[in-house]
């Protein structure tokens with residue numbers, strides 16, 4: 001081999017980046033579980049594998065990048081598990097009346113679970129010593145995509161409700177602290 | 001490497017394992033001379049440079065899996081020690097292929113070979129953490145070579161080196 005000093009440094013850098021890439025399945029394997037849950041809810045849909053692939057790409061990229069982005073992967077999954085699982089717990093025929101309108105409980109659970117996820121992500125982001133914004137963005141993206149698999153049961157309205165609930169939970173709480181570590 | 005530089009290397013390695021690319025150059029600058037010197041002490045010049053480079057590349061390939069609880073220098077030297085062992089085996093195999101006389105070792109059971117191999121790797125790892133003078137002294141004893149200093153001085157040095165080796169072993173493995 002006997003490389004020159006420059007090429008050795010370059011090879012070492014490449015080895016490091018490849019090593020980081022080999023490290024990513026430790027974070028991205030959970031996407032298989034999320035896609036499996038999604039596939040059980042929406043059998044035969046073409047959207048599940050496409051969104052699953054996007055989630056896999058995103059988690060791989062974040063895990064490879066590391067630091068706050070890498071640390072955001074698992075909190076993102078865990079926060080996203082709330083809207084992924086809670087809406088499906090409601091009985092399909094359960095409805096309630098709000099403001100003279102009949103709402104499916106399943107639809108109503110999406111903003112609620114989004115709110116819980118948003119609050120959880122904001123709380124975890126505030127605990128970070130540095131890189132809070134990347135952490136918040138990364139975890140919110142993963143939680144959003146993960147939760148969408150669950151809230152898609154309630155249609156577009158469910159997904160939008162989950163996003164609104166998430167923003168309602170995360171943004172004010174986070175901005176209230178003026179991002180001191182961002 | 002003094003203790004401050006060693007602690008700095010450890011901090012940089014932890015940072016690199018987390019994905020901080022700016023820690024790459026400091027880790028590279030700190031590790032390369034150490035690994036190069038370590039390998040050069042155990043292998044002859046034509047092979048030592050190649051093996052040291054391979055060891056360095058392996059250290060960076062595994063940097064993401066670095067456990068912050070471990071000492072960075074000991075960890076890196078452990079990888080280099082493994083590379084030295086592999087290179088020696090490779091050379092031995094090459095010698096056998098060319099029909100050179102190879103000292104025959106008595107056949108051990110597979111379990112015994114495994115234990116011996118682990119012990120050898122652990123000993124090399126510990127040896128790498130000692131001071132160069134200690135390593136030189138112990139190598140002279142192992143090779144039954146003649147010391148370059150007065151016999152009484154050498155005896156004293158051997159005693160001290162063994163003491164440090166035992167201490168390092170105990171700190172690393174918790175037993176003699």
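Before moving on, here are some points about what is shown:
- Within a Gaussian network of chain B (alpha carbon springs, distance under 10 Å), most fluctuating of B:34, B:59, B:158: B:158
- Mean separation of Cα contacts under 8 Å (6+ apart) over length of chain B, as relative contact order %: 18 percent
- Choice from A:40, A:84, A:153 showing the highest fluctuation, given a GNM over chain A with Cα pairs closer than 10 Å: A:40
- The share of alpha-carbon pairs in chain B lying farther apart than 21 Å comes to 57%.
- Normalised by 2.2 N^0.38 Å, where N counts its residues, the alpha-carbon radius of gyration of region B:130-176 equals 1.20.
- Choice from A:76, A:26, A:161 showing the highest fluctuation, given a GNM over chain A with Cα pairs closer than 10 Å: A:26
- Distance between region A:1-26 and region B:52-73 - C-alpha centres, whole angstrom: 11 Å
- Cα pair distances in region A:113-182, grouped into 5 Å bins until the bin that holds the longest one, percent each: 4, 20, 29, 21, 13, 8, 4, 1
- Radius of gyration (Cα atoms) of region B:9-53, expressed as a multiple of 2.2 N^0.38 Å: 1.35.
- Computed P(r) (all Cα pairs; region B:12-84; 10 Å bins; percent): 21, 54, 21, 3
- Region A:10-61 - Rg over Rh from alpha carbon coordinates, Kirkwood radius: 1.18
- Interatomic Cα distance distribution for chain A, bins of 5 angstrom, percent: 1, 9, 15, 16, 16, 13, 10, 7, 5, 3, 2, 1, 1, 0, 0, 0
- Semi-axis lengths (Å, descending) of the ellipsoid that matches the C-alpha gyration tensor of the protein assembly as shown: 57, 22, 18
A short reminder: the numbers here are calculations on the coordinates, not readings from a lab. Since we're looking at a predicted model, the values are computed, not measured.
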